[in-house]
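The values are calculated or read from the model by the stated rules, or taken from the named source; none is laboratory data. Only a predicted model underlies this, so the values are computations on that prediction, with no experimental measurement involved. All Cβ positions, glycine included, derive from the backbone under ideal geometry; neighbour counts span all protein chains shown.
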Amino acid sequence: MKGSYRIGRIFGIPILIHYTFLIVIPLLAWIIGSQISLTTDTIRGIFQVPIDTSLITAGFMPWILGTVVALGLFLGVLVHEIAHCIIARQNGVKIQSITLLIFGGVSQMEDVGVPDPKVELPMALAGPLTSLLVGIVCGGIVFFIPEMTTDTATAGVLILIFGYLSFLNVILFAFNLIPAFPMDGGRVLRAELAKRMPLHKATRIAANVGKAFAIIFGIVGLIFFNPFLILIALFVYIGASSESTMDQFTYLLHDVTVGTTMSSPVTVVAPTLTLAKVIEMMLISKHLGFPVVEQDKLVGMITLVDVNRIPQIDRETMQVRNIMTHDPITLPPSAPVMDAFRIMSARNIGRIPIVQEGRVVGIVTRTDILKVTELKKI
C-alpha cells in the first residue's frame, strides 16, 4: 500500500505503518485525554473497583494516558490481524504484509482466487475472537492490580489503562462482527450463505448488506458530525462494491483463457523506432501500447504513459529502446484470463503480451477483458 513504511517483522510477516496511522494516534490521544474523567467513572462502574484519580488527572497525564491507550488499541488491532494471518497460513495462504492505518489494520494476503467458505469462516472469526480474548485478559488484569501494588495512585493509572483497553477490545470484537462486508462479520455472513448457494450469489447478498450498513453509518455520522463514522461508511461501501465486482469477474471468467480473449495478430515495434513514429502509430491504430520486438524476441513494452514522460522536442530523435519497459510481464495463451486481470490490477498496467514458444502471439488489455465479461453476462 502506497504511503506505508516498514517497521519490522512478526512471525516473518512484514509489519507496515501507513501515514494515516501517524495522524490518528495524536487525534485518539487527544480525544481519550480530554474525556479522561468521564472514562474513569465509566471504568469504575463497569469493574466495580475503586480508582485513585490523583495521578490520572495531574498535569499532562490525561494526554500521556491517552497516547498509551491509543497505542495499546493499535497493538490489539495488530494482534487481531496476526490471528487472521495464522489461520490463513495454516490453510496454505501466503501473507505478504500487515499494514496499520487510520481504520485499524489490513492483512495483505496472496490472491487465491475463489475463496473456500470452509477456510474463510475460521479466518474471519479468528480476528474478532482474538480481540475478545485480549479484552477478557485486560479485564482480568484490572482485578489483580490492587494486589500488585500498594500505591493507590499508580494502581489507578494501571486500572484505567487496562480497563480502557478491555472495553475497547470488546468493542472491536463486536464492531468487527457486524455483517458489513468486507468486514469480518460480512465475511462470516458470506461463508455461511455460501453453504446454501453459489459463492457469487452469497457475495452479492453480503455486499448489499455491507452497503446498507455503510449507508446507515454515513447517515449516523452526518447526524452526529462524526467524521470517523463517515470515513468508515465510505471504506465499507467502496470495499463491498470492489469485492463484489471482483467476485463477479471471477465467476464469469473462471473458464476463460487469455488465448480466447487476446487481440491477434498484434502490432509490434522495433527498439530503434523514434517516439514520434510511435505516437503516429498510436493515432492510426488507436492502441496505447505496443510490444517491442527485436529479431522475433520480445525485449520490452512501450506505452503512451512512457512517451508522455519525454518532452515533445526530444521525441523526434529519442528511440523506443531509451524509455521502454524491459522484461515485461508475459503470459502463455493457456493462462486463465483472471490471472491477467489480477496482474493488471496489482501492477496498474493496461496490457500484457501473450507469448508462446518465445514469440509474441497476441496481447490482452483491460478493454478486452471487459468486453468478454459483458458478453458472458448475456
Pick from region 35-53 the residues that are among the hydroxyl-bearing types (Ser, Thr, Tyr) and surrounded by 13 or more Cβ atoms within 10 Å (Cβ to Cβ): which of them is nearest to LEU229 (Cα to Cα)?
THR39
Going through region 262-282 one residue at a time, which ones are in a loop (DSSP other than H, G, I, E, B), of a type outside the set (S, T, N, Q) and farther than 27 Å from MET338 by Cβ?
ALA270, PRO271, LEU273
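Matching residues to (1) farther than 21 Å from VAL119 by Cβ; (2) in contact (Cβ under 8 Å) with a residue 60 or more places away in the chain:
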site	(1), (2)
THR150	yes, no
ALA153	yes, yes
LEU160	yes, yes
GLY163	yes, yes
LEU168	yes, yes
ILE171	yes, no
ALA174	yes, no
ASP184	no, yes
Do the conditions hold for ILE95, that is, is it within 30 Å of ALA335 (Cβ to Cβ) and either crowded, with 18+ Cβ neighbours inside 10 Å or not polar (S, T, N, Q) (or both)?
yes
Quick check: anything in region 283-304 more than 22 Å from ALA346 (Cα to Cα), among the hydrophobic types (A, V, I, L, M, F, W, C) and outside any strand (DSSP E or B)?
yes
Regarding region 193-204, can at least one residue be identified that is basic (Lys, Arg) and free of Cβ contacts under 8 Å to residues at least 40 places away in the same chain?
yes
For ILE302, are the conditions met, namely being in the same structural domain as ILE323 (by TED's automatic domain parsing) and buried (at least 20 other Cβ atoms within 10 Å of the Cβ)?
yes
State yes or no: is VAL236 surrounded by 18 or more Cβ atoms within 10 Å (Cβ to Cβ), among the hydrophobic types (A, V, I, L, M, F, W, C) and assigned to a loop (DSSP other than H, G, I, E, B)?
no
Return the only residue of VAL292, VAL268, VAL278 being closer than 19 Å to ARG359 by Cβ and surrounded by 18 or more Cβ atoms within 10 Å (Cβ to Cβ).
VAL292
Kindly evaluate GLY259 against the criterion of being touching a residue at least 40 places away in the same chain (Cβ under 8 Å), assigned to a helix (DSSP H, G or I) and under 15 Å from PHE341 (Cα atoms).
yes
Any idea which residue in region 341-378 is surrounded by the fewest Cβ atoms within 10 Å (Cβ to Cβ), counting only those that are under 18 Å from HIS287 (Cα atoms) and under 24 Å from the mean Cα position of the chain (by Cα)?
ASN348
Of everything in region 201-254, what is aromatic (Phe, Trp, Tyr) and within 24 Å of LYS377 (Cα to Cα)? Give them in sequence order.
TYR237, PHE249, TYR251
Going by the structure shown, is LEU16 in contact (Cβ under 8 Å) with a residue 12 or more places away in the chain and farther than 28 Å from ILE145 by Cβ?
yes
So for region 99-113 (the condition being of a type outside the set (Asp, Glu), at pLDDT below 95, at positive phi and in a strand (DSSP E or B)), does at least one residue qualify?
yes
